[in-house]
Amino acid sequence: MVDDRLRTPGAVRDAERFTAHNYHPLPVVIASAEGAWLTDVDGRRYLDCLAGYSALNFGHRHPGLIAAAHAQLDRLTLTSRAFIHDQFADFCRELAELCGKDLVLPMNTGAEAVETGIKVARKWGYQVKGVPAGQANIVVAEGNFHGRTTTIVSFSTDEDARADFGPYTPGFTVVPYGDLDALAAAIDDNTVAVLLEPIQGEQGVVVPPEGYLPGVRRVCTERNVLLVADEIQSGLGRTGATFACEHEGVVPDMYLLGKALGGGIVPVSAVAANADVLGVLKPGQHGSTFGGNPLACAVATEVVRLLATGEFQRRSAELGERLHAGLQSLVGKGLVAVRGRGLWAGLDIDPTLMTGRQACERLMERGVLAKDTHGSTLRLAPPLVITAEEIDHAVAQLAAVLAG
């Protein structure tokens with residue numbers, strides 16, 4: 001029997017009634033949060049093991065980030081790029097230094113960063129590499145998730161993301177992820193870029209074979225092709241390094257960043273590259289009204305400063321070992337496989353036991369929130385402020401769910 005005093009059922013019904021059904025959320029209605037914990041409208045607490053798909057790497061309401069936002073709200077929130085504001089240069093300089101690049105182009109969402117990267121790579125191809133007009137192509141990987149704009153879904157292999165949204169944008173060649181020979185064979189004289197996630201998040205936190213990313217870097221250098229790393233989910237501390245590419249000593253020509261860059265407060269994304277790449281853009285050729293706005297820059301600058309200390313990268317690396325050890329102990333006890341790096345894991349559940357959705361619903365009942373993908377796969381990406389005890393708690397709840 002449903003308790004009539006609970007607010008959750010009515011709030012869920014209203015959400016279903018008045019919104020387009022482009023998501024299938026768990027039936028939980030969050031009202032407040034702090035650190036790694038969420039509280040719903042009925043006062044029940046949940047351990048957040050998704051962190052807004054890595055947008056909340058620093059936890060909910062990190063005091064330094066909240067303070068930066070409050071201070072900026074009292075001063076200035078938007079000017080557009082028609083003018084320069086006093087937060088802009090610091091953000092661009094400090095993010096460029098973090099990335100080891102010359103220039104930064106601020107945008108808002110991850111998909112905008114990807115679209116920007118595509119445009120810059122094509123323009124670089126025409127103006128610098130000398131590709132004939134209209135002939136530029138970009139090599140991408142199967143199982144990719146770079147966003148949901150019409151251009152991006154044109155090279156998606158996920159039919160849920162792609163079906164019925166054509167006609168599709170040409171200029172992309174899809175190859176198997178992790179297959180260096182296939183990637184090298186796909187590059188021709190008109191190829192301007194290889195666009196990859198160093199770890200495929202939506203696909204189930206898929207880590208490529210060792211040596212793959214260095215091989216891609218070598219091929220791109222040899223063939224005069226830009227290596228564009230989509231670090232929107234994998235970057236900014238999630239994997240135990242500032243960027244996932246660092247685990248194999250790879251430096252891309254272009255970083256695409258987002259999610260955690262906004263600290264879970266405002267949407268912030270950016271493209272970082274050297275002047276010989278980003279310098280191809282001239283006034284009027286690309287832009288965004290809200291991109292690089294004062295509020296976004298104030299928060300994102302504080303994010304960059306948190307990362308510059310190295311504390312969160314170390315936490316992810318150390319606590320990630322604990323998380324993965326706990327999860328590996330469940331292989332053969334309901335889990336078929338575990339993948340990932342740092343505080344990021346993809347778990348394949350024995351499909352004869354339950355679906356990923358069912359596992360998430362049962363975890364929710366036990367006070368842990370996670371997200372499924374592709375049938376029987378779960379993704380765990382807790383905030384980097386999570387404690388060792390909280391990790392053990394999450395693993396224990398998963399073990400209980402798997403045990404039935």
Residues being outside any helix (DSSP H, G or I), of a type outside the set (S, T, N, Q) and more than 14 Å from A403 (Cβ to Cβ) - total across segment 332-365 = 14
Give segment 203-221 a look and list any residue that's of a type outside the set (G, A, S) and part of a loop (DSSP other than H, G, I, E, B), or say none.
-> Q203, V205, V207, P208, P209, E210
Select, from G356, G334, G346, the only residue that is on the phi > 0 side of the Ramachandran plot, touching a strand residue (DSSP E or B) at 6+ places or on another chain (Cβ under 8 Å), at pLDDT 95 or above and not assigned by TED's automatic domain parsing to the domain that holds G235.
-> G334
Could you tell me which numbered condition N224 fails, if it satisfies all but one of (1) in contact with a helix residue (DSSP H, G or I) (Cβ under 7 Å, 6 or more places away or on another chain); (2) of a type outside the set (G, A, S); (3) closer than 28 Å to A308 by Cα; (4) not in a helix (DSSP H, G or I)?
-> (3)
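Quick grid of which residues meet (1) in contact with a Pro (Cβ under 6 Å, 6 or more places away or on another chain); (2) not assigned by TED's automatic domain parsing to the domain that holds C99; (3) not in a loop (DSSP other than H, G, I, E, B):
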| residue | (1), (2), (3) |
| --- | --- |
| Y255 | no, no, yes |
| A260 | no, no, yes |
| G264 | no, no, no |
| P267 | no, no, no |
| A272 | no, no, yes |
| D276 | no, no, yes |
| H286 | no, no, no |
| G292 | yes, no, no |
| V299 | no, no, yes |
Kindly indicate whether A184 is over 30 Å from D372 (Cβ atoms) and touching a Phe, Trp or Tyr at 6+ places or on another chain (Cβ under 8 Å).
-> no
Condition broken by V304, with the remaining ones in (1) assigned to a helix (DSSP H, G or I); (2) over 19 Å from the mean Cα position of the chain (by Cα); (3) among the β-branched types (V, I, T) satisfied | (2)
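Yes/no per residue for (1) surrounded by fewer than 17 Cβ atoms within 10 Å (Cβ to Cβ); (2) under 23 Å from the mean Cα position of the chain (by Cα); (3) at pLDDT 95 or above; (4) not assigned by TED's automatic domain parsing to the domain that holds G375:
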site: G166; (1), (2), (3), (4): yes, no, yes, yes
site: F172; (1), (2), (3), (4): no, yes, yes, yes
site: A185; (1), (2), (3), (4): yes, no, yes, yes
site: V192; (1), (2), (3), (4): no, no, yes, yes
For residues that are surrounded by fewer than 24 Cβ atoms within 10 Å (Cβ to Cβ) and either outside the structural domain of A141 (by TED's automatic domain parsing) or in a loop (DSSP other than H, G, I, E, B) (or both), tally how many sit in segment 227-250.
-> 5
Please identify the pairs in which a residue from segment 161-188 that is touching a residue at least 40 places away in the same chain (Cβ under 8 Å) and under 23 Å from K119 (Cα atoms) has its Cβ atom under 7 Å from the Cβ atom of a residue that is aliphatic (A, V, I, L, M) and in a helix (DSSP H, G or I), counting only partners at least 6 apart or on another chain.
-> L183/V216; L183/V219; I187/V219
Are any residues in segment 64-107 more than 30 Å from E246 (Cβ to Cβ), in contact (Cβ under 8 Å) with a residue 60 or more places away in the chain and not in a loop (DSSP other than H, G, I, E, B), and if so, which ones?
-> A71, Q72, L73
Residues that are under 21 Å from the mean Cα position of the chain (by Cα), surrounded by 23 or more Cβ atoms within 10 Å (Cβ to Cβ) and over 19 Å from S32 (Cβ atoms), drawn from segment 53-74 = S54, N57
Scan segment 31-50 and give yes if some residue there is more than 20 Å from A370 (Cα to Cα) and assigned to a loop (DSSP other than H, G, I, E, B), otherwise no.
-> no
V128 in contact (Cβ under 8 Å) with a residue 60 or more places away in the chain, surrounded by fewer than 19 Cβ atoms within 10 Å (Cβ to Cβ) and within 20 Å of R379 (Cα to Cα) = no
Does segment 374-382 contain at least one residue that is among the polar types (S, T, N, Q) and buried (at least 19 other Cβ atoms within 10 Å of the Cβ)?
-> yes
Taking the condition polar (S, T, N, Q), surrounded by 23 or more Cβ atoms within 10 Å (Cβ to Cβ) and more than 30 Å from L78 (Cα to Cα), does T221 pass?
-> no
Hey, can you tell me all the residues within segment 317-331 that are over 21 Å from the mean Cα position of the chain (by Cα) and either in a loop (DSSP other than H, G, I, E, B) or without any contact (Cβ under 8 Å) to a residue 40 or more places away in the chain (or both)?
-> A325, Q328, S329, L330, V331
From Y46, Y23, grab the single residue that is of a type in the set (S, T, Y), buried (at least 17 other Cβ atoms within 10 Å of the Cβ) and not assigned by TED's automatic domain parsing to the domain that holds E202.
-> Y46
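The values are calculated or read from the model by the stated rules, or taken from the named source; none is laboratory data. Being a predicted model, the structure only gives us computed values, none of them experimental. Reconstructed Cβ throughout: ideal geometry from the backbone, glycine too, with neighbour counts over all protein chains shown.
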